[in-house]
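Let me begin by presenting the structure, written as structure tokens, before commenting on it.
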Amino acid sequence: MKKKKPSTNEKKSNLKQSPRYFYVITIFIPAIFFLLMEFGLRLFGYGIRTEQWIPATENKLMLNPDIARRYFHTIRNIPISNQDIFDIEKKPNAFRVFILGESSGAGYPYTPIGSFSRWLQKRLEILYPDCTIEIVNVSMTAINSYTLRDLFPGVVEQKPDLVLIYAGHNEYYGALGVGSTETFGANRTLVMLTLYLNKFKTIELLRNTISAVSKFLSLETATLQDGTLMSRIAKDQYIEFDSEEFQKGLSQYEENMRDILETAKSHRLPLILGTLTNNLKDQKPFISADKGKYPPAKNIFETAKKELEAKNFHTADSLFRLAKDLDVLRFRSAEKMNQLIIQLGKDFGCPVVQIDSVFNAISPHGIVGDNLMTDHLHPTLSGYELMAKLYFETMRKEYLLPHCNALQLTDNALDSTTHARFKFSRLDSVIAIYRILILKNDWPYIEKKDQKKLSELITPNDFLGKTALEFLDNNVPWESVHRKAAGWYLVKKDYTGFREQMDVLISQYPVVVEYYDFAANELLKVEKYDEAYSYLVLRHTIKPNSYSTKWLGNINLSKNKTADAIKYLEESLTFDSSDPQVFYNLSGAYSYKKEFHKALDAINKCLTLDPSFPKAANLRNQLQQGINQK
């Protein structure tokens, strides 16, 4: 007997009988799957660390060195920040400043210790000795305002007292720019969504899988690992002045900066912007467009040079700026970018440091060139020093300096003291020189066919030159080559050079106590007690131990500073009560204060630990006789 087929109404009736939660579960299954996958990937530590801040020590934080993986996906050696550290728990007397920027913000080619942030920190430390100065520079090479906007909420969370921004050169070729190899497209909404999704491990897994498959199938058509980062990230893309792409770069910067400034305003966080400066006089346009509505940039540049020779300085300045703007390779910021920065300052009531104007004002004939520039836009070391001073003066004008008691110093005294105490070594100078040589040995400075081999380009004639080349050519850690240089100075018995090198290391890694111990120990070996003392004091403020306190006590005792000697020697015993020398010196210190019973007790403990300790028996006999006579 044939079964009767269900009617349409019966089918609908059967469908209606299905539980509603069945459809809800069906809809949410993909979401639940990805949530579980994300949880599992995080649980097992897959991929890179995606958090913005990571522990540098047990009580210090630093910017995650892998953070640039959010923005760079096609290059192997991603940029990192200068690795500045700050307290997890902000101290009551702390003055905390964050600096956001690109390679000029980071201090290229003098990174990590030659940036304007380091000059500013030294200036503030001198002027406010009772204040904990924290200058945290999160600038990185080849980024732009997308990165700044992405990092800014995390900066706000760290409760800065002030934020300084020097950025805008990289809106076209920096990561995610309209002309960059590292791009998600020109749609800002899509870029922002991608940046948000990049924080998830599931997306990282998907991206890594696609990359691995592409490599396996040989779908990658070119390598992006050769040459400087500047040459790798520009994509040979030319952007004409006032073109659609040109305007997109300006709009991208404006929208991202407005988001940053709105966030700062909503948190009542003071923020200072700076106008951008470029090499005008001594950097010819990289690429000229011979066709279009504007004359070729190279022609304008040549005309500017003639006007300069004719001493028509104002006209020459205008023409140099026009030549820069007409350069279709947009490594240098356009004049419209500075106009935009100034307008943003007005719109948000935000101070703007006129860096470009001042750089030109102090340059010969009012046109900046190689006098303050190492290349097309990166300042010299003295240029960075000037930038720090300009930001400082604006901070003072806007009442944004620390509230601690300030030393009474004239501006000239502060300038000279800052310059004298700034930590920088000859090795750092050589590294910077070599960096610029390498930069200018690559596109767009010269064509690939004209490049020299590194061995032809750089021929070191001394140990420091070879060490600098080793750092740049073999990717040897910065810390390693500086330790190596310090050891070289020791072998030469050049203790001034040794101290200079160790001071640079300590400036970069101020919480690495081993550097203080190493410097102090080597200086103590050659009886340079005054020089060793400064390292021991700094070590003691970070993390005292038996070694630092013992030698602080010994040196004070040798200078007849008995009270300080006793304080440090007694403290040393709290860390290690088995050192006979500490008891011996402590006995001598008590004797100077005529505390003979304490002195006798200390020397007895010394002899208990080491019955043959030199001169200890004689000292005990003298103390015993003195006590008996009384």
Query raised in the report: Among the residues of region 598-607, is there at least one that is of a type in the set (S, T, N, Q) and closer than 26 Å to residue 520 by Cα?
Result: no
Requested in this report: Just give me the residues in region 119-135 being farther than 30 Å from residue 173 by Cα and in a strand (DSSP E or B), in sequence order.
Outcome: 132, 133, 134
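For every residue, the table says whether it meets (1) farther than 16 Å from residue 110 by Cα; (2) of a type in the set (D, E, K, R).
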| position | (1), (2) |
| --- | --- |
| 428 | no, yes |
| 454 | yes, no |
| 469 | no, no |
| 478 | no, no |
| 492 | yes, yes |
Query raised in the report: If you check residue 536 against the conditions, is it surrounded by 18 or more Cβ atoms within 10 Å (Cβ to Cβ), not polar (S, T, N, Q) and not assigned by TED's automatic domain parsing to the domain that holds residue 626?
Result: yes
Query - Which numbered condition residue 620 fails, given (1) over 17 Å from residue 549 (Cβ atoms); (2) within 50 Å of the chain's Cα centre (by Cα); (3) charged (D, E, K, R) - result: (2)
Report task. Among the candidates 360, 412, single out the residue that is in a helix (DSSP H, G or I) and touching a Gly at 6+ places or on another chain (Cβ under 6 Å). Result -> 360
**Report entry** Conditions (1) crowded, with 21+ Cβ neighbours inside 10 Å; (2) in contact with a strand residue (DSSP E or B) (Cβ under 6 Å, 6 or more places away or on another chain); number of the one not met by residue 400
**Finding:** (1)
Report task. Determine the pairs where a residue that is within 20 Å of residue 82 (Cα to Cα), located within region 486-506, has a partner that is of a type in the set (Asp, Glu) with Cβ atoms under 9 Å apart, the partner being 6 or more residues away or on another chain. Result -> 502/522; 504/428; 505/479
Requested in this report: Pull up region 327-359, narrow it to residues that are acidic (Asp, Glu) and either crowded, with 20+ Cβ neighbours inside 10 Å or under 19 Å from residue 396 (Cα atoms) (or both), then point me to the one that is nearest to the chain's Cα centre (by Cα).
Outcome: 356
Query raised in the report: Which of the strands (runs of 3 or more DSSP E) contained wholly in region 47-118 include at least 2 residues that are surrounded by 18 or more Cβ atoms within 10 Å (Cβ to Cβ), touching a residue at least 24 places away in the same chain (Cβ under 8 Å) and touching an Asp or Glu at 6+ places or on another chain (Cβ under 8 Å)?
Result: 60-63, 94-101
Query raised in the report: Quick one: in region 431-441, which of the residues that are under 13 Å from residue 381 (Cβ atoms) and among the hydrophobic types (A, V, I, L, M, F, W, C) is surrounded by the most Cβ atoms within 10 Å (Cβ to Cβ)?
Result: 431
Query - Test: residue in region 123-134 that is touching a helix residue (DSSP H, G or I) at 6+ places or on another chain (Cβ under 7 Å) and more than 19 Å from residue 387 (Cβ to Cβ) - result: no
Query raised in the report: Which of (1) part of a loop (DSSP other than H, G, I, E, B); (2) hydroxyl-bearing (Ser, Thr, Tyr); (3) surrounded by 13 or more Cβ atoms within 10 Å (Cβ to Cβ) is the odd one out, the single condition residue 507 does not satisfy?
Result: (1)
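The values are calculated or read from the model by the stated rules, or taken from the named source; none is laboratory data. Remember, predicted model here, so these are calculated numbers, not experimental data. Cβ coordinates were reconstructed from backbone atoms using ideal geometry, including for glycine residues, and neighbour counts include every protein chain displayed.
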